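As structure tokens, the structure follows; a few thoughts come after it.
The values are calculated or read from the model by the stated rules, or taken from the named source; none is laboratory data. Everything numeric here is computed off the predicted structure, so don't read it as measured data. Cβ: placed from backbone, ideal geometry, glycine included. Neighbour counts: every protein chain shown.
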Amino acid sequence: MRAAARLVRVLGLPVALVLAWWAVTAGEDNFYFPPPTTVATTFVDVWVSGRLLDDVLPSVGRLLAGLALALAAGVGLGLLIGLSPRVRAVFEPALEFLRAIPPPVLVPVMLLVAGVGDRMKILVILSGCLWPILLNTVEGARSVDEVLGDTCRCYGIQGAARIRHLVLRAASPQIMTGIRQALSIGIILMVISEMFAASSGLGFAILQFQRGFQIPEMWSGMVVLSLIGVTLSVIFRQVERRVLAWHQGPRKRERAEGVRDA
Amino acid sequence: MRERQAGDPVTRTVYGATGLLVLFLLLEAAPRLGLVPERYLPPASRILRALWTEASGAGFWRAVADTVRTGATGLAIAFCAAVALGMIIGSVPLLRAMTNSTVEVLRPIPSVALIPLVVLQFGTDIRSTVVLVVYACFWQVLIQVLYGAVDVDPVAHDTARSYGLGTWARLRHVTWPTALPYVITGLRLAATVALIVSITGELLIGSPGLGREIAVAQSSGAVPAMYGLVVATGMIGVLVNVGVRGLERRVLAWHPAVRAEIPA
């Protein structure tokens, strides 16, 4: 009985929304808003056969490549800057400015520098995802607990061991926050770099459908994009839970004690 | 928490200025020494001169005004809607349980997914971009308001009830002050997102604003002007950040976390 109630809670509103969409669009013949049944059949026709491999996989591959590079560069530079107050004071204003540039304007810039191709798109994603990871690593590295830092010094833990066991550990919640921000910016950049200039990829395909007034196909492309967004966020949450298991345990206990369970 | 800082404010300003100067010199020297082709990256002085030329024309300021208007309109609509809905959903446990899955599914949908739809509805009108901004900002604020509304101290809540405060008064005097720091965090995140999405919309859809000017400069080969406009967007970004942080300090001046920042 409890499981049934849970199911209603989780699925009730989404099902109601899709039914409402269907009820509103099924009767009349609205060109721009096809009923969900049409979108679903188009989805299978267009994406499951072929396009998924040709358009979606390369897009996601570029996103992951850019994100991985941004992670390596961001954490590396972030540790370098975050560990020394003096270095931080030198770089802070310059970083404030670079971070404030909205990443999408880099699409035309990179188009100029790297031409149309995989390299340009990966560069755009890298340069957009770098800042949230870098700045959060700096924040994390500088807020290492002083007592822990002194303890490490007393026990003679230095160099790589200190960075690995103390600094990276202490900074990991912040770094994960940075990656989450980078992920959502990365998806945006993946799509718009393909919409701005490309001959393949998910963004290009969606724009192509829109320009050709293939409305159900366009909607199905939007569904694919949404699915990628949701899937990546689910995967990320699993990874975060594992990486931060040591951190979330105590926090959850604190919450359970402090806040009434609702 | 006490933080390690490098010296007094004056020393830090000197350090920071050195950093900016080094960045400038690097961008000046790289093209001049031929490390990067000049047609890809003009020297920093040429970029700033191009920005100056742009800034003396009326078209530039109209574009800036359009971008700011797009972002601000979208942000305002999203903020009001998200705060109202978030307070209602957040303070009713049943509603929160019912909407949780829907919020979690809709939130990660990238705003750019809506581009084709808004283009068909509104064309290159400013409304296209405003819709994107509203969608992107709404979730940022809503999530924070929901966190905040759940965070209410049970003792404060029960005390308010014992003293006979009604639903509305409890919302006003207990839930709202608890949620306010979260609301402001949401606003800060959403303000950055608003600028990013406004520029994105202008770049791709061609609605009026700085993003469109950048796209035009790029396709017409006006490289220094394009970089100049990119620098201009960065400056607007800095202003937005500084403005929101100032607002945060004013609105939350009573909050312990902010009070602790001011040295006694």
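Can B:Ile199 be described as within 23 Å of B:Val119 (Cα to Cα), among the aliphatic types (A, V, I, L, M) and without any contact (Cβ under 8 Å) to a residue 40 or more places away in the chain?
Answer is no for this residue.
Which residue is surrounded by the fewest Cβ atoms within 10 Å (Cβ to Cβ), if the candidates are limited to the range A:100-149 and must be of a type in the set (Gly, Ala, Ser) and within 17 Å of the chain's Cα centre (by Cα)? Don't jump to the end; show me each part of the working.
Quick first cut of the range A:100-149, residues of a type in the set (Gly, Ala, Ser) only: A:100, A:114-115, A:117, A:127-128, A:140-141, A:143, A:149.
Filter again for within 17 Å of the chain's Cα centre (by Cα), leaving A:127-128.
Working: A:Ser127: 21, A:Gly128: 29.
Taking the candidates together, the pick is A:Ser127.
In the range B:46-92, what count of residues is obtained for those that are free of Cβ contacts under 8 Å to residues at least 40 places away in the same chain and aliphatic (A, V, I, L, M)?
Residues that pass the stated criteria total 6.
Counting only residues that are within 11 Å of chain A (Cβ to nearest Cβ) and crowded, with 16+ Cβ neighbours inside 10 Å, how many does the range B:158-189 have?
Here is the first cut: in the range B:158-189, the ones within 11 Å of chain A (Cβ to nearest Cβ) are B:158, B:178, B:189.
If we keep only those that are crowded, with 16+ Cβ neighbours inside 10 Å as well, we get B:178, B:189.
Residues in the range B:158-189 being within 11 Å of chain A (Cβ to nearest Cβ) and crowded, with 16+ Cβ neighbours inside 10 Å: 2 in total.
For (1) within 8 Å of another protein chain (Cβ to nearest Cβ); (2) modelled with pLDDT under 85; (3) buried (at least 21 other Cβ atoms within 10 Å of the Cβ), each residue gets a yes or a no:
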residue: A:Arg180; (1), (2), (3): no, no, no
residue: A:Leu189; (1), (2), (3): no, no, yes
residue: A:Gln214; (1), (2), (3): no, yes, no
residue: A:Arg241; (1), (2), (3): no, no, no
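Restricting the search to the range B:242-258, which residues are assigned to a helix (DSSP H, G or I), more than 21 Å from the chain's Cα centre (by Cα) and without any contact (Cβ under 8 Å) to a residue 12 or more places away in the chain? Steps first, please.
Quick first cut of the range B:242-258, residues assigned to a helix (DSSP H, G or I) only: B:242-251, B:256-258.
The next check asks that each one be more than 21 Å from the chain's Cα centre (by Cα); those that pass are B:256-257.
Of everything in the range B:242-258, just one residue is assigned to a helix (DSSP H, G or I), more than 21 Å from the chain's Cα centre (by Cα) and without any contact (Cβ under 8 Å) to a residue 12 or more places away in the chain, namely B:Pro256.
What's the number of the only condition in (1) more than 23 Å from A:Val230 (Cα to Cα); (2) more than 13 Å from chain B (Cβ to nearest Cβ); (3) crowded, with 21+ Cβ neighbours inside 10 Å; (4) among the hydrophobic types (A, V, I, L, M, F, W, C) that A:Leu166 fails to meet?
Condition (3) is where A:Leu166 drops out.
Answer with yes or no whether B:Val92 is in contact with a helix residue (DSSP H, G or I) (Cβ under 8 Å, 6 or more places away or on another chain) and on the phi < 0 side of the Ramachandran plot. Reasoning before the result, please.
On the way: in contact with a helix residue (DSSP H, G or I) (Cβ under 8 Å, 6 or more places away or on another chain): no; on the phi < 0 side of the Ramachandran plot: yes.
Judged against the criteria, B:Val92 is not a match.
Taking into account only those residues within the range A:52-66 that are crowded, with 18+ Cβ neighbours inside 10 Å and not aliphatic (A, V, I, L, M), which is modelled with the lowest pLDDT? Spell out the reasoning first.
Just the residues of the range A:52-66 that are crowded, with 18+ Cβ neighbours inside 10 Å, to begin with: A:55-56, A:59, A:62-63, A:66.
Of the ones still in play, those that are also not aliphatic (A, V, I, L, M) are A:55, A:59, A:62, A:66.
Values: A:Asp55: 78, A:Ser59: 87, A:Arg62: 90, A:Gly66: 93.
My answer is A:Asp55.
Which ones in the range A:50-66 are within 15 Å of A:Val124 (Cβ to Cβ), free of Cβ contacts under 8 Å to residues at least 12 places away in the same chain and of a type in the set (A, V, I, L, M)?
A:Leu64
State all residues of the range A:150-163 that are in a helix (DSSP H, G or I) and surrounded by fewer than 17 Cβ atoms within 10 Å (Cβ to Cβ); if no residue qualifies, say none.
Filtering the range A:150-163 for residues in a helix (DSSP H, G or I) gives A:150-154, A:159-163.
Across the range A:150-163, the qualifying residues are A:Asp150, A:Thr151, A:Arg153, A:Cys154, A:Gly159, A:Ala160, A:Ala161, A:Ile163.
Restricting attention to the range A:65-118, report how many residues are assigned to a helix (DSSP H, G or I), within 14 Å of another protein chain (Cβ to nearest Cβ) and not basic (Lys, Arg).
Step one: filter the range A:65-118 for residues assigned to a helix (DSSP H, G or I), giving A:65-83, A:85-100, A:103-114, A:118.
Filter again for within 14 Å of another protein chain (Cβ to nearest Cβ), leaving A:77, A:80-83, A:85-100, A:103-114.
Within this subset, residues satisfying the condition of being not basic (Lys, Arg) are A:77, A:80-83, A:85, A:87, A:89-98, A:100, A:103-114.
Number satisfying all stated conditions: 30.
Going through B:Val14, B:Val103 one at a time, which residue ends up being more than 28 Å from B:Gly211 (Cβ to Cβ) and touching a residue at least 24 places away in the same chain (Cβ under 8 Å)? Explain how you work it out, then say what you get.
Details: B:Val14 fails: touching a residue at least 24 places away in the same chain (Cβ under 8 Å).
The conditions single out B:Val103.
Considering the range B:190-217 alone, what residues qualify as being buried (at least 24 other Cβ atoms within 10 Å of the Cβ) and either touching a Gly at 6+ places or on another chain (Cβ under 6 Å) or of a type outside the set (A, V, I, L, M) (or both)?
Within the range B:190-217, B:Ala194, B:Leu195, B:Ser198, B:Ile199, B:Thr200, B:Gly201, B:Glu202, B:Leu203, B:Ser207, B:Gly209, B:Gly211, B:Glu213 meet the criteria.
Looking only at residues that are buried (at least 20 other Cβ atoms within 10 Å of the Cβ) and in contact with a helix residue (DSSP H, G or I) (Cβ under 6 Å, 6 or more places away or on another chain) in the range B:65-78, which one is nearest to B:Ile199 (Cα to Cα)? It would help to see each step written out before you state the result.
First, the residues of the range B:65-78 that are buried (at least 20 other Cβ atoms within 10 Å of the Cβ): B:66-67, B:70-71, B:74-75, B:78.
In the following step, the residues that additionally are in contact with a helix residue (DSSP H, G or I) (Cβ under 6 Å, 6 or more places away or on another chain) were identified as B:67, B:70-71, B:74-75, B:78.
Numbers: B:Thr67: 7, B:Thr70: 9, B:Gly71: 9, B:Gly74: 13, B:Leu75: 14, B:Ala78: 17 Å.
Among those that are buried (at least 20 other Cβ atoms within 10 Å of the Cβ) and in contact with a helix residue (DSSP H, G or I) (Cβ under 6 Å, 6 or more places away or on another chain), it is B:Thr67.
Can you find, within the range A:191-212, the residue that is surrounded by the most Cβ atoms within 10 Å (Cβ to Cβ) among those that are out of contact with any Lys or Arg (no Cβ under 9 Å at 6 or more places or on another chain) and not hydrophobic (A, V, I, L, M, F, W, C)?
In this case the residue turns out to be A:Gly203.
Pull out all pairs, ordered by first then second residue, where Cβ-Cβ is under 8 Å, the residues are six or more apart or on different chains, the first lies in the range A:166-177 and is without any contact (Cβ under 8 Å) to a residue 60 or more places away in the chain, and the second is part of a helix (DSSP H, G or I) and among the aliphatic types (A, V, I, L, M).
These pairs meet every condition: A:Leu166/A:Leu148; A:Ala170/A:Ala141; A:Ala170/A:Leu148.
I need the helices (runs of 4 or more DSSP H) fully contained in the range B:163-241, keeping only those with at least 2 residues that are aliphatic (A, V, I, L, M).
Numbers: elements: B:167-170, B:176-205, B:210-219.
Because the criterion is at least 2 residues that are aliphatic (A, V, I, L, M), the helices (runs of 4 or more DSSP H) in the range B:163-241 that meet it are B:176-205, B:210-219.
For the range B:87-96, state whether one or more residues are away from chain A (no Cβ under 12 Å), surrounded by fewer than 21 Cβ atoms within 10 Å (Cβ to Cβ) and part of a helix (DSSP H, G or I). Show your work before the answer.
Here is the first cut: in the range B:87-96, the ones away from chain A (no Cβ under 12 Å) are B:87-88.
Now drop any that are not surrounded by fewer than 21 Cβ atoms within 10 Å (Cβ to Cβ), which leaves B:87-88.
Next cut, part of a helix (DSSP H, G or I) only: B:87-88.
Yes, some residue in the range B:87-96 is away from chain A (no Cβ under 12 Å), surrounded by fewer than 21 Cβ atoms within 10 Å (Cβ to Cβ) and part of a helix (DSSP H, G or I).
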